[in-house]
Amino acid sequence: MSDQILKARALRALHTPGAPLVLVNCWDAGSAKAIAAAGAQAIATASWAVAAANGYEDGEHLPRDLAIANIERIARAVTLPVTVDLERGYGATPDEVADTVTHAIRAGAVGCNLEDGIAAGGLRDPGEQALRLQAARDAADRLDVPLFINARTDGFLLAAPGDHDDALLDATLARARVYAAHGADGLFVPGLVDATLIERLVQASPLPVNLMAAAGTPPLATLRALGVARLSHGPGPYLQAMRALEDAARGVVA
């Protein structure tokens, strides 16, 4: 059995409701090594941070070849499982998404995020997104790697806080059921911070739930009690590191 398959299985096993996998997101090999040295169980990238570190805006403005090369350097630098933010999959069609996923796996990834937001704003039709997720799953199966596909849905991220209600949660759960039937292994819902809605989502979701740390996110102990399986930090670590670097530079050049 290959080392990559073992890492993929290890990543999957870390998604336990009530014992959330905490991911401090990296942006390059150096930051991945620092996070690994701190005792992390897995390494995850954040597309916003990766793009910013390379001088690009988020939203697939970073060329795919650079994104894949970055994955390869990160996977080579650490011994932990690596899951990567592939944004919308760098493709207009399911076949193009499959090609991106194939390259990411060959670069060393054992997990990925694929989001249902679209460049023009709003959400992709759930049926269309399901075909893209299924293409990703089929690509991983062809390589015999049990890739952990984290299906990101952006309804809460795009909605105003006042619109975070039961109707939006029901729409999110409807997507979760479709995505689960088409190869997704996890459900990532950035923007959701309300404990009552989190609890309802966890109880009804067919997939383990991943949240993103943000202002208003309940404490980790609360997320454990609610049954969350994964907590990501998105661009936060990059922004914190850049502020620290700027402060350090001011102390030298001022």
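Do the conditions hold for G155, that is, is it out of contact with any Pro (no Cβ under 9 Å at 6 or more places or on another chain), farther than 27 Å from A10 by Cβ and not β-branched (V, I, T)?
It is true that G155 is out of contact with any Pro (no Cβ under 9 Å at 6 or more places or on another chain), farther than 27 Å from A10 by Cβ and not β-branched (V, I, T).
Considering only residues of region 59-72 that are touching a residue at least 12 places away in the same chain (Cβ under 8 Å) and either open to solvent by 50 Å² or more (accessible area, probe 1.4 Å) or of a type in the set (F, W, Y) (or both), which is nearest to T83 (Cα to Cα)? So that I can check it myself, show each step before the final result.
Of all residues in region 59-72, those touching a residue at least 12 places away in the same chain (Cβ under 8 Å) come to 59-60, 62, 64, 66-72.
In the following step, the residues that additionally are either open to solvent by 50 Å² or more (accessible area, probe 1.4 Å) or of a type in the set (F, W, Y) (or both) were identified as 64, 66, 72.
Numbers: R64: 16, L66: 16, E72: 12 Å.
Step by step, filter region 59-72, then rank; the result is E72.
Is it fair to say A34 is open to solvent by 60 Å² or more (accessible area, probe 1.4 Å), at pLDDT 95 or above, assigned to a helix (DSSP H, G or I) and not basic (K, R)? I'd like the intermediate steps shown before the answer.
Details: open to solvent by 60 Å² or more (accessible area, probe 1.4 Å): yes; at pLDDT 95 or above: yes; assigned to a helix (DSSP H, G or I): yes; not basic (K, R): yes.
Yes, satisfied.
Which of the residues spanning region 41-94 are farther than 22 Å from L123 by Cβ and in contact with an Asp or Glu (Cβ under 8 Å, 6 or more places away or on another chain)?
A44, T45, V50, A52, A53, N70, R73, I74
Among residues belonging to region 82-139 that are open to solvent by less than 50 Å² (accessible area, probe 1.4 Å) and among the hydroxyl-bearing types (S, T, Y), point out the one that is nearest to L23 (Cα to Cα). Give the derivation first.
Applying the first criterion (open to solvent by less than 50 Å² (accessible area, probe 1.4 Å)) to region 82-139 yields 82-91, 94, 97-98, 100-102, 104-105, 107-117, 121-122, 124, 126-127, 129-130, 132-133, 135-137, 139.
Next, only the ones that are among the hydroxyl-bearing types (S, T, Y) stay: 83, 90, 100, 102.
Values: T83: 10, Y90: 23, T100: 23, T102: 23 Å.
This residue is T83.
Output yes when any residue across region 145-152 is open to solvent by 50 Å² or more (accessible area, probe 1.4 Å), over 17 Å from the mean Cα position of the chain (by Cα) and of a type outside the set (K, R), and no when none is.
Residues of region 145-152 that are open to solvent by 50 Å² or more (accessible area, probe 1.4 Å), as a first pass: none.
Scanning region 145-152 turns up no residue that is open to solvent by 50 Å² or more (accessible area, probe 1.4 Å), over 17 Å from the mean Cα position of the chain (by Cα) and of a type outside the set (K, R).
Restricting region 200-254 to residues that are assigned to a helix (DSSP H, G or I) and of a type in the set (V, I, T), which is least open to solvent (accessible area, probe 1.4 Å)? Don't jump to the end; show me each part of the working.
Quick first cut of region 200-254, residues assigned to a helix (DSSP H, G or I) only: 200-204, 220-226, 236-253.
Pick out the ones that are also of a type in the set (V, I, T) and you get 202, 222, 252-253.
Values: V202: 32, T222: 50, V252: 118, V253: 120 Å².
Applying the filter and picking the extreme gives V202.
Which one of the conditions (1) surrounded by 22 or more Cβ atoms within 10 Å (Cβ to Cβ); (2) under 25 Å from H61 (Cα atoms) does A176 fail to meet, given that it meets all the rest?
(2)
Return the total of residues in region 1-31 being assigned to a loop (DSSP other than H, G, I, E, B) and touching a His at 6+ places or on another chain (Cβ under 7 Å). Before the answer, list the steps.
Step one: filter region 1-31 for residues assigned to a loop (DSSP other than H, G, I, E, B), giving 1-2, 14-15, 17-18, 20, 24-25, 27-28.
Narrowing further to those that are touching a His at 6+ places or on another chain (Cβ under 7 Å): 24-25.
Going through region 1-31 one residue at a time, the tally reaches 2.
Looking at N25 and the list (1) within 26 Å of P206 (Cβ to Cβ); (2) surrounded by fewer than 23 Cβ atoms within 10 Å (Cβ to Cβ); (3) in contact with a Pro (Cβ under 8 Å, 6 or more places away or on another chain), which single condition is not satisfied?
All conditions are met except number (2).
The values are calculated or read from the model by the stated rules, or taken from the named source; none is laboratory data. Because the structure is a prediction, the values reported are computed rather than measured. Cβ coordinates were reconstructed from backbone atoms using ideal geometry, including for glycine residues, and neighbour counts include every protein chain displayed. Protein only, heavy atoms only, side chains kept; ligands, DNA and RNA dropped before computing areas. Shrake-Rupley method; radii C 1.70, N 1.55, O 1.52, S 1.80 Å.
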